[in-house]
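Peer 1: Below you will find the structure I want to go over with you.
The values are calculated or read from the model by the stated rules, or taken from the named source; none is laboratory data. Predicted model, so just to flag it, every value in this text is computed and none were measured. Backbone-built Cβ (ideal geometry, glycine too); neighbour counts: all protein chains shown. To get the accessible areas, we keep the full protein, side chains included, count just its heavy atoms, and leave off ligands, DNA and RNA. Shrake-Rupley method; radii C 1.70, N 1.55, O 1.52, S 1.80 Å.
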Amino acid sequence: MGHSDNFEIFMDALINMPFHKTLTLTPESFDLDNGCIRFSMRDELVGNPAFRVLHGGVTSAILDLEGALVLGLHHARQVKDQPPKSLRELYKGGTLDLRIDFIQPGKGRHFVASGKIVHIGKKVAITHSELHNDQQQLIAMATGSYVVG
C-alpha cells in the first residue's frame with residue numbers, strides 16, 4: 001500500500017476526467033516515470049484541415065495537463081509512504097495562469113509533452129512544459145502557474 005495506491009488514485013482521476021476522455025488519453029498515454037504525455041494525431045484533433053495541424057486548443061490543454069501531471073507526480077512521491085489519500089488530498093491544485101508560445105505548426109504523427117517544476121512554494125508552483133512531434137521538433141512550450149496548497 002501507499003506509493004502505488006496514491007499513484008493509482010492520481011492516474012485514475014487523470015484518465016477519467018471527461019475532457020481527457022474527449023482527447024482519448026489512455027493509461028498508455030502517460031509515462032509516469034518520466035512525467036510525459038504521449039498521443040497520436042487524429043482527425044478530431046486537427047485545427048486547420050487545409051494543413052492538417054494540431055488544434056491550438058489541444059496543444060494548450062495538453063501543456064496545461066502536463067504541468068498538472070508533473071506537480072501531481074511530485075506530490076504523490078512526497079506522500080509515498082503514507083496511506084492512500086483521496087484525489088482531493090493528493091492534488092489540491094488548479095491552473096492560475098498559462099502562457100503558451102506556439103513555435104511552429106503542430107504537424108506530426110504523434111506528440112510527446114514533457115515538463116518540469118521550476119518552482120514550488122507553499123501556495124503556488126511554476127512549471128515549464130514542452131510539446132514535441134515525432135521528429136523531435138519543438139511545437140510549443142508553456143509556463144504555468146498552479147495553486148498547490
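Peer 1: How about segment 26-39: which of its residues are open to solvent by 60 Å² or more (accessible area, probe 1.4 Å), in contact with a helix residue (DSSP H, G or I) (Cβ under 9 Å, 6 or more places away or on another chain) and under 21 Å from G144 (Cα atoms)?
Peer 2: R38
Peer 1: Using the structure shown, decide if Q104 is open to solvent by 90 Å² or more (accessible area, probe 1.4 Å), closer than 19 Å to M41 by Cα and at pLDDT 90 or above.
Peer 2: no
Peer 1: Another one. Working carefully through the options H3, H75, find the one that is over 24 Å from M141 (Cβ atoms) and either among the aromatic types (F, W, Y) or at pLDDT below 90 (or both).
Peer 2: H3
Peer 1: Mind listing whichever residues of segment 121-149 are among the β-branched types (V, I, T), assigned to a strand (DSSP E or B) and touching a helix residue (DSSP H, G or I) at 6+ places or on another chain (Cβ under 7 Å)?
Peer 2: Residues satisfying the conditions are T127, I139.
Peer 1: Further, regarding this structure: In segment 24-56, what residues are among the aliphatic types (A, V, I, L, M) and modelled with pLDDT of 85 or more?
Peer 2: Those that are among the aliphatic types (A, V, I, L, M) and modelled with pLDDT of 85 or more: I37, M41, L45, V46, A50, V53, L54.
Peer 1: Still on this structure: List pairs: first in segment 40-66 and open to solvent by 20 Å² or more (accessible area, probe 1.4 Å), second of a type in the set (S, T, N, Q), Cβ under 7 Å, 6+ apart or cross-chain?
Peer 2: Once the first residue is open to solvent by 20 Å² or more (accessible area, probe 1.4 Å) and sits in segment 40-66, its partners that are of a type in the set (S, T, N, Q) give D64/T95.
Peer 1: For segment 122-149, what are the residues that are farther than 15 Å from V70 by Cβ, modelled with pLDDT of 95 or more and among the small types (G, A, S)?
Peer 2: Matches in segment 122-149: A140 only.
Peer 1: When residues of segment 17-54 are filtered for being within 14 Å of the chain's Cα centre (by Cα) and outside any loop (DSSP other than H, G, I, E, B), how many remain?
Peer 2: 12
Peer 1: Any chance you could count how many residues in segment 90-100 are under 11 Å from S60 (Cβ atoms), surrounded by fewer than 15 Cβ atoms within 10 Å (Cβ to Cβ) and at pLDDT 95 or above?
Peer 2: 1
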